[in-house]
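Here is the structure we will look at, set down as structure tokens.
The values are calculated or read from the model by the stated rules, or taken from the named source; none is laboratory data. Treat the numbers as computed from the prediction; the structure is a model and nothing was measured. All Cβ positions, even for glycine, are placed from backbone atoms using ideal geometry, and neighbour counts span all protein chains on display. Surface areas here come from the heavy atoms of the whole protein model, side chains and all, with no ligands, DNA or RNA. Shrake-Rupley method; radii C 1.70, N 1.55, O 1.52, S 1.80 Å.
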Amino acid sequence: MTTNLSLQERKQAVFANGQGNLYPVYVSHAKNAELWDVEGNRYLDFGTGIAVCNTGHAHPALVEAVKDQMEKFSHSCVMVNPYESAVALAEKLTKLAPGDSPKKAMFVTTGAEAVENAIKIARAHTGRRGVIAFNGGFHGRTNLTMGLTGKVTPYKDHFGPFPGEIYHVPYPNPLHGISDEQSLTALSTLMKVDISPRDVAAIIIEPIQGEGGFYIASPDFMRALKVLCEEHGILLICDEIQSGFARTGHMFHTEAAGIEPDLMTMAKGIAGGIPISAVVGKANVMDTAPVGGLGGTYGGSPLGCAAGLAVLEVIEQEQLKDRAMMIEQRFMESLNELKARYPEVVADVRGHGAMIALELMTDGEVSKPNPALTKAIIAKALDYGLILLACGFYGNVIRFLPPLTIPEAHLREGLSQFSALFDEVMAE
Ligand code: PMP
């Protein structure tokens with residue numbers, strides 16, 4: 001029989017070390033929130049392949065759409081012979097993006113590529129060089145996005161030199177002593193010390209940091225950022241790659257602040273696992289880059305566009321924004337019980353919709369992160385039939401990203417398994 005262990009041994013022999021895997025669990029098949037490995041073990045997937053399968057694994061509507069497209073054609077290159085699904089997806093996304101300005105879209109393949117293109121567009125539009133990003137932010141692993149990512153280990157260590165003209169400021173994080181005002185002050189200090197606002201093309205921010213630990217920028221902060229950008233002619237780029245597509249109870253979390261970003265990046269949940277990503281932004285900004293300056297062979301692939309259209313339909317038909325809010329409520333109840341039971345280690349329970357975090361500390365002190373406990377919980381998750389992910393600037397956050405389509409029974413089961421898992425690890 002093929003075992004997880006034998007596959008892991010084979011993988012280690014032929015995969016570069018840098019592309020590691022969290023669990024030695026080799027997937028055989030998956031359905032909505034359930035996932036089975038090659039040994040027949042069943043898990044509840046509270047990670048959805050890092051916020052990708054918002055509509056659950058193998059949603060029938062997605063399977064149908066992709067099968068149908070595959071039978072017709074799998075590739076022609078949107079830059080050679082385009083097709084209606086790409087136009088239709090762009091029409092939908094430009095309508096869904098927050099704000100009233102006319103919008104345009106462009107498609108690429110991965111999250112990092114979307115971010116790269118947003119920066120290219122911002123630089124082309126403003127004729128400026130500087131880009132400001134936030135400490136703890138994650139924007140990708142390519143050279144430019146690695147430069148934007150605000151964490152050295154494991155993303156930047158060993159991989160320099162880095163692209164120039166990228167600056168970082170603290171992300172607002174009251175739990176760790178950084179108020180909105182302090183973050184804004186850091187921005188204005190940066191613009192006195194290092195770069196004139198006249199030279200800044202864009203500020204890029206995740207409305208909720210993903211890999212960074214699910215820290216949330218307050219609506220007030222997002223609005224203040226928008227005002228600052230407008231004052232100086234700087235473009236605001238919202239990176240919604242992890243927080244988009246109904247994940248937080250909004251189609252895009254930027255909506256919570258009621259602002260219109262100049263550019264937005266989208267990927268992950270956009271197409272349930274078929275690789276496609278997008279930049280959507282104000283039409284006059286998007287149009288600045290010359291013909292041929294943006295795109296790529298696979299950008300906006302027919303399979304990605306078909307899957308993207310199916311995802312948007314499922315989000316609407318199954319009211320997944322509302323389901324995200326229901327999921328939030330269940331998680332909050334259950335995790336706050338844990339917080340009450342273990343006040344010495346649970347520092348915070350936070351999140352919006354189905355993007356929820358449990359932050360762990362030592363001795364009741366928020367300033368003492370507890371990555372060891374976080375690792376111990378992740379390591380034991382398989383025994384409880386759970387796929388869990390960690391994240392965080394300090395490596396001390398368990399993040400929950402269940403499918404928005406998760407049946408109630410599986411949600412209850414997963415939460416009670418998590419609670420039992422937590423009890424066991426605490427008793428050790
Ligand atoms: N931005 C954010 C907010 C992300 O969460 C990620 C992926 N974790 C990326 C960009 C990069 O996406 P990809 O891995 O598809 O390149």
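Output the antiparallel fraction of DSSP beta bridges having both residues in the chain, as a percent to the nearest 5.
Values: 35 of 51 bridges.
Once the DSSP bridges in the chain are tallied, antiparallel ones form about 70 percent.
Bridgeable aspartates and glutamates around K31 (alpha carbons under 12 Å apart, same-chain partners fewer than 8 residues away excluded): D45.
Using C-alpha pairs under 8 Å with a sequence gap of at least 6, the mean separation divided by the residue count of the chain gives a relative contact order of 21 percent. For K11, no aspartates and glutamates have a Cα falling under 15 Å of its own Cα, not counting residues fewer than eight places away in the same chain. For the range 127-208, the Kirkwood hydrodynamic radius comes to 13.2 Å, computed from all pairs of different C-alpha atoms. Once you order the gyration tensor axes a ≥ b ≥ c over the Cα atoms, which shape class does the chain get: rounded for a/c under 1.5, otherwise prolate or oblate by comparing a/b with b/c? Oblate shape, in that a/c is at least 1.5 and b/c is the bigger or equal ratio.
Taking only alpha carbon atoms, the range 63-317 gives an Rg to Rh ratio of 0.97, where Rh is the Kirkwood radius. With Cα atoms as the point set, the range 285-400 shows a radius of gyration and Dmax of 20.0, 59 Å.
Between D383 and E231, what FRET efficiency follows from the Cβ-Cβ distance if R0 is 41 Å, with the result rounded to 0.05? Present the calculation step by step, with values, prior to reporting the outcome.
Details: r = 54 Å, r/R0 = 1.31.
It comes to 0.15.
Result for the chain in a Gaussian network model with C-alpha springs under 10 Å: among A16, A112, A224, the largest mean-square fluctuation is at A16.
Give, in nm to one decimal, the length gained when the segment between F159 and A16 is fully stretched (0.36 nm per residue of separation minus the Cα-Cα distance). Don't skip to the answer; put the middle values down first.
Values: separation 143, 0.36 × 143 = 51.48 nm, distance 1.52 nm.
Stretched out fully, the F159 to A16 stretch lengthens by 50.0 nm.
Once both labels are positioned 7 Å from their Cα atoms along Cα-to-Cβ, the gap between S218 and R341 label points is 3.2 nm.
Count charges around G296 for me, please; just the other residues with Cβ under 15 Å from its Cβ, Lys/Arg as +1, Asp/Glu as -1.
With Lys, Arg at +1 and Asp, Glu at -1, the net is -1.
Counting only residues at least eight positions apart within a chain, or on another chain, the lysines with an alpha carbon under 27 Å from that of K120 are K92, K95, K103, K104, K151, K156, K192, K226, K268, K282.
Counting helices only, and only those DSSP H runs with n ≥ 4, report the 222 nm mean residue ellipticity of the chain as the sum of -39,500 (n - 2.57) divided by its residues, in deg cm²/dmol to the nearest 500. Kindly include the intermediate steps, with their values, before the conclusion.
Numbers: 13 runs with 163 residues, N = 428.
Calculated from helices alone, the mean residue ellipticity at 222 nm is -12000 deg cm²/dmol.
With K and R counted +1 and D and E -1, the other residues having a Cβ less than 10 Å from that of E206 yield a net charge of -3.
How much length is gained if the chain between V366 and E408 is pulled fully straight, taking 0.36 nm per residue apart and subtracting their Cα-Cα distance, in nm to one decimal? Don't skip to the answer; put the middle values down first.
Numbers: separation 42, 0.36 × 42 = 15.12 nm, distance 3.28 nm.
Stretched fully, the V366-E408 segment lengthens by 11.8 nm.
Annotation: amide H-H contacts under 5 Å for V366 (H modelled 1.01 Å from N, sequence separation of 5 or more, or interchain): none.
Taking a temperature of 37 °C and a viscosity of 0.692 mPa s, what whole-number D in µm²/s does Stokes-Einstein yield for the range 170-311 with Rh from Kirkwood over alpha carbon pairs? Result for D is 199 µm²/s. If you take all other residues with their beta carbon under 14 Å from the beta carbon of R341, and give Lys and Arg +1 and Asp and Glu -1, the sum is -4. For a label point 7 angstrom out from the Cα of S188 toward its Cβ, which stretches of the range 138-177 have the backbone nitrogen within less than 16 Å? Within reach of a label on S188: 170.
Taking every protein chain into account, the 1.4 Å probe leaves I119 with about 0 Å² of accessible area, to the nearest ten.
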